1. Which value in nm describes the separation of the simple spin-label points at Trp96 and Ala159, placed 7 Å from the Cα toward the beta carbon?
2. Antiparallel as a % of all DSSP beta bridges within the chain, to the nearest 5?
3. Starting with the fewest neighbours, write out Val124, Val107 ranked by other beta-carbon atoms found within 10 Å of each beta-carbon.
4. Given the rule -39500 (n - 2.57) for each run of at least 4 DSSP H residues, summed and divided by the residues of the chain, what is its mean residue ellipticity at 222 nm, to the nearest 500 deg cm²/dmol?
5. Taking the alpha-carbon centroid of each part, what is the distance from segment 130-157 to segment 75-118 in angstrom?
6. Taking Cα pairs under 8 Å and at least six residues apart, what relative contact order does the chain come out at, in percent?
7. Please arrange Leu75, Leu45, Leu108, Leu20 by counting, for each residue, the other beta carbons lying within 10 Å of its beta carbon, fewest first.
8. If each residue of separation counts as 0.36 nm, what is the full-extension length gain between Arg173 and Arg24 once their alpha-carbon separation is subtracted?
Amino acid sequence: MTAGPGAPSGATLARAQELLRRRRPAIVAIDGPSGAGKTTLAEALASTWRAAPVLVQLDRVYRGWEGLDAGATELRRHLLPALRSGRPGRIQGWDWAASRVAPASPVLPGRPLIVEGCGAFAAVSGLSGVARILVEAPLGDRRTRALRRDGGAYDPYWALWETQWRRYLAKHRWEAVPDLVVRSRPDVLAAEGPAGLR
């Protein structure tokens with residue numbers, strides 16, 4: 001369930017990097033619906049951030065196709081509290097091919113964290129030192145990207161996942177205002193105008 005528009009525009013990456021310089025966050029949460037371009041932005045940001053962050057993708061944590069809420073809860077309960085207290089944390093993975101829990105992966109403290117995926121804002125809910133980036137795209141573009149990238153494996157689950165996203169959005173929409181809003185077009189991720197960076 002990784003994303004797939006073109007690379008972020010230079011201006012978008014520059015605005016995200018400016019957000020990091022200004023806020024110096026311990027955690028960057030990149031949230032948004034399926035197919036919007038979250039992974040593309042997260043990977044670009046991770047590769048250019050001098051602090052050498054750890055990239056945690058919720059795709060590795062969701063408990064199957066109905067696991068959006070559980071994935072966010074898993075990070076909030078088990079990974080983030082440990083790291084915030086200076087202890088090693090863990091990511092309890094999911095084996096998508098076998099539809100079962102995969103071995104846990106350790107995450108060491110001491111480096112900034114990028115949490116990327118649907119539900120990232122809920123995963124970091126209530127924490128300080130967080131920069132929040134919301135990635136959005138039109139429904140048609142998102143659906144085309146999402147179904148194309150997984151070679152048909154995602155097709156039966158698109159509606160189920162989209163329903164979970166809409167439910168999540170309705171529940172959490174006003175809990176945290178994004179610091180940066182990025183709108184993706186078919187070929188590029190572009191930061192919003194003057195109101196995009198808060």
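No lab work stands behind these numbers, since they all come straight from the coordinates. Computed from a predicted model, the values in this text were never measured in an experiment. Every residue, glycine as well, gets a Cβ built from its backbone with ideal geometry; the counts of neighbours run over all protein chains shown.
1. Going by the 7 Å Cα→Cβ label model, 2.1 nm.
2. If I count the DSSP bridges inside the chain, around 40 percent turn out antiparallel.
3. Values: Val124 26, Val107 17.
Ascending Cβ contact count within 10 Å gives the list Val107, Val124.
4. Numbers: 7 runs with 67 residues, N = 198.
Calculated mean residue ellipticity at 222 nm is -10000 deg cm²/dmol.
5. Centre-to-centre (Cα) distance: 23 Å.
6. Working: 391 pairs, mean separation 65.3, N = 198.
Relative CO of the chain lands at 33 percent.
7. Numbers: Leu75 26, Leu45 23, Leu108 11, Leu20 18.
By the 10 Å Cβ count, ascending: Leu108, Leu20, Leu45, Leu75.
8. Numbers: separation 149, 0.36 × 149 = 53.64 nm, distance 2.42 nm.
Gain in length upon complete extension: 51.2 nm.
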